[in-house]
Amino acid sequence: MEAVLDCRVLVLNRLWQPIQTCSVRRAIRLLCLGHAQVVQTDGEARYRTHDFMSWVEHSADHLAEEVIRTVKLAFRVPKIIVLSIYDRLPRKDVKFTRHNVFLRDKFTCQYCGTTFPERELNLDHVIPRDKGGKTNWENIVTSCVRCNTRKGNKDPHEANMRLLRAPRPPRWRPLFGLHSESHADDSWRQFIHPDRDKVQMSA
């Protein structure tokens, strides 16, 4: 159950624009508070929206493999929710945080190229602070403990180490926060990558 509750749900604003993902746990809370509705992703009524009780009723006839069961209810795990009030897009700049640096670098040491669990990673100043290096997107990279220790207080050239890629601010996208966009559900595709061939221009 815990694994299902931690799965990702695509969040659309009131204008049906993708703005982020959240956990199933968070999505259900928003539904129960009346702040969002579930977007149906299959069947003849595809894209119909459901409040919490409507979703429970719909689920009774369309139970799938991923189902949340309580003492009295059983309902499908939502894939997409649409917010009832929020109609803005989030800031296009990704906030500079330790976790977001790891996300940008895909939890991969930028010196040895090995992927690690987050708890085994460090942040490294490419140009050390005592040499004028700043703490920002352009000078911070993900590194493993071994590479961080080997580099020490040197720049990469002095330590005879090479970066996999130059650090840059990440481009904001609705799926920022997923380890990989391959984790995106197929039902999200029409919102994340609309099929332009099927879009009709109004006169």
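Every number in this text was worked out from the coordinates using simple rules, so none of it is lab data. Values in this document were obtained by computation on a predicted structure and should not be read as measured data. Cβ: placed from backbone, ideal geometry, glycine included. Neighbour counts: every protein chain shown.
When the alpha carbon gyration tensor of region 98-151 is reduced to an equivalent ellipsoid, its three semi-axes come out at 18, 13, 8 angstrom, largest first. Projecting the Cα atoms of CYS109, HIS62, ILE127 onto the charge dipole of region 1-132 (Cβ charges, centred on the Cα centre) puts ILE127 farthest toward the positive pole. Between HIS99 and ARG150, the FRET efficiency estimated from the beta carbon spacing at R0 = 30 angstrom works out to 0.80.
Of the peptides 74-82, 155-163, 33-41, 14-22, the order by per-residue mean of other Cβ atoms within 10 Å, starting with the highest, comes out as 74-82, 33-41, 14-22, 155-163. For LYS134, LYS72, LYS95, the sequence from fewest to most other C-beta atoms within 10 Å is LYS72, LYS95, LYS134. Only Lys, Arg, Asp and Glu carry charge here, each on its Cβ (+1 for the first two, -1 for the last two); on that basis region 98-151 has a dipole of about 100 debye about its Cα centre. If you wrap the Cα atoms of region 1-98 in a convex hull and average its projected area over all directions, you get 7.4 nm². Of interest is the spacing of the C-alpha centroids, which for region 24-49 and region 97-164 amounts to 40 Å.
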